[in-house]
Every structure is written in structure tokens, then in C-alpha cells.
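Q: Please see the structure below; I have some questions.
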């Protein structure tokens, strides 16, 4: 039953975010960045609390505290400079996508694969490079919006999966 409720909530949130992205894209992206910053802040505080608590083993105590402090620092930085931080991450992801596209093209040019797979691999590589260049050229408008859409669609799919698993009585994991 809980899976169905969480799945429905996940689907509802994803539809709301996609709708807001169409109506007010800048505010939606900024709002999501700030929301994620708050989530990271809470997670960092939780890590610190686990490290301080007596439940934590001595070996993991320092690790939990250090990771918690790093997460808290990251979340505060995200809250202070949301556009700079997110733009930098989007550009970094676009560069990684470009490298992946180049690797696909190189792989597609090898003689070891059938012609159909060669064409698909080269085509996907070229598409990856084109998308990455478009994102690098306009990281805030295109890159962040694309990131929000991908994350929202993922949330929508996960919500549908949870509802299906909940109605079938199957536990995930």
C-alpha cells in the first residue's frame, strides 16, 4: 500500500514539475536546485548525527562526520551560488557526454561490428556530440532544462513502477 501512495506522489510531483517547467522554467529550475540543497543539508546533518551517536563504530564515526560536513558545505555552497554551481555541473556533464560520443564514433568506425550496429553506434555518437555542444553553448537554458526534464521523467517512471509493484504485492529490492 505504501508503494502505491509513494508512487502516486512521485507521479503527481513529476507532472507538477513538468507543468511548472513549461510555465516558468527559470523559477522551476532554481526552486529544484534550492530544494535539492535543503535535502543535501538534511542528509549532511543526518550523517554528522550518526557519526556523533554512540551507535556508530569508531572506524565509521570519523568518516560519517567528515562526509556529513562535506555534504553540509556542498549544500550551503549550492544555496549561495545555485546558478554557478548547476551551470558548472551541467557543463561537466556535457563534456562527459561529448567524450562518450567521440568514443562511440571511434568504436563505430572499427571493422569488428556489423554494418547496422556500426551505423547506429556512429549515429548515437554524433547525436551525443551535437547535444553536448548545444548544452555547452547554452548551459543554463538548455542544459538545466534538459536535466530537469530527464530527472522528472525518471521520477515519473519510478512512480509508475512503484504503483505496479504495489498493486502486484511485490517488494522492490
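Q: Suppose we filter 103, 145 for residues that are free of Cβ contacts under 8 Å to residues at least 60 places away in the same chain and either crowded, with 18+ Cβ neighbours inside 10 Å or in a helix (DSSP H, G or I) (or both); which single one remains? Write out each step before concluding.
A: Working: 145 fails: free of Cβ contacts under 8 Å to residues at least 60 places away in the same chain.
Answer to the selection: 103.
Q: Ok, one more. Test each condition in (1) more than 20 Å from the chain's Cα centre (by Cα); (2) at pLDDT below 85; (3) surrounded by 14 or more Cβ atoms within 10 Å (Cβ to Cβ); (4) assigned to a helix (DSSP H, G or I) for residue 164 and report the one that comes out false.
A: (3)
Q: Next question, about the same structure. Looking at 135, 129, can you tell me which residue is more than 30 Å from residue 37 (Cβ to Cβ) and surrounded by 13 or more Cβ atoms within 10 Å (Cβ to Cβ)?
A: 129
Q: Related question: Quick one: which residue in 137, 158 is within 22 Å of residue 28 (Cα to Cα) and modelled with pLDDT under 85?
A: Numbers: 137 fails: modelled with pLDDT under 85.
Going through 137, 158 in turn, the sole match is 158.
Residue-wise test of (1) more than 25 Å from the chain's Cα centre (by Cα); (2) touching a residue at least 24 places away in the same chain (Cβ under 8 Å); (3) more than 23 Å from residue 27 (Cβ to Cβ).
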site: 38; (1), (2), (3): no, yes, no
site: 59; (1), (2), (3): yes, no, yes
site: 65; (1), (2), (3): no, no, yes
site: 83; (1), (2), (3): no, yes, no
site: 90; (1), (2), (3): no, yes, no
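Q: Does the stretch 34-42 contain any residue that is farther than 26 Å from residue 143 by Cα and modelled with pLDDT of 85 or more?
A: Checked the stretch 34-42: at least one residue is farther than 26 Å from residue 143 by Cα and modelled with pLDDT of 85 or more.
Q: Confirm whether residue 150 is within 17 Å of the chain's Cα centre (by Cα), under 23 Å from residue 21 (Cβ atoms) and exposed (fewer than 14 other Cβ atoms within 10 Å of the Cβ). Even if it seems obvious, please write down each step before you answer.
A: Working: within 17 Å of the chain's Cα centre (by Cα): yes; under 23 Å from residue 21 (Cβ atoms): yes; exposed (fewer than 14 other Cβ atoms within 10 Å of the Cβ): yes.
The answer is yes for residue 150.
The values are calculated or read from the model by the stated rules, or taken from the named source; none is laboratory data. Computed from a prediction, not measured in an experiment: that's the story for all the values here. All Cβ positions, glycine included, derive from the backbone under ideal geometry; neighbour counts span all protein chains shown.
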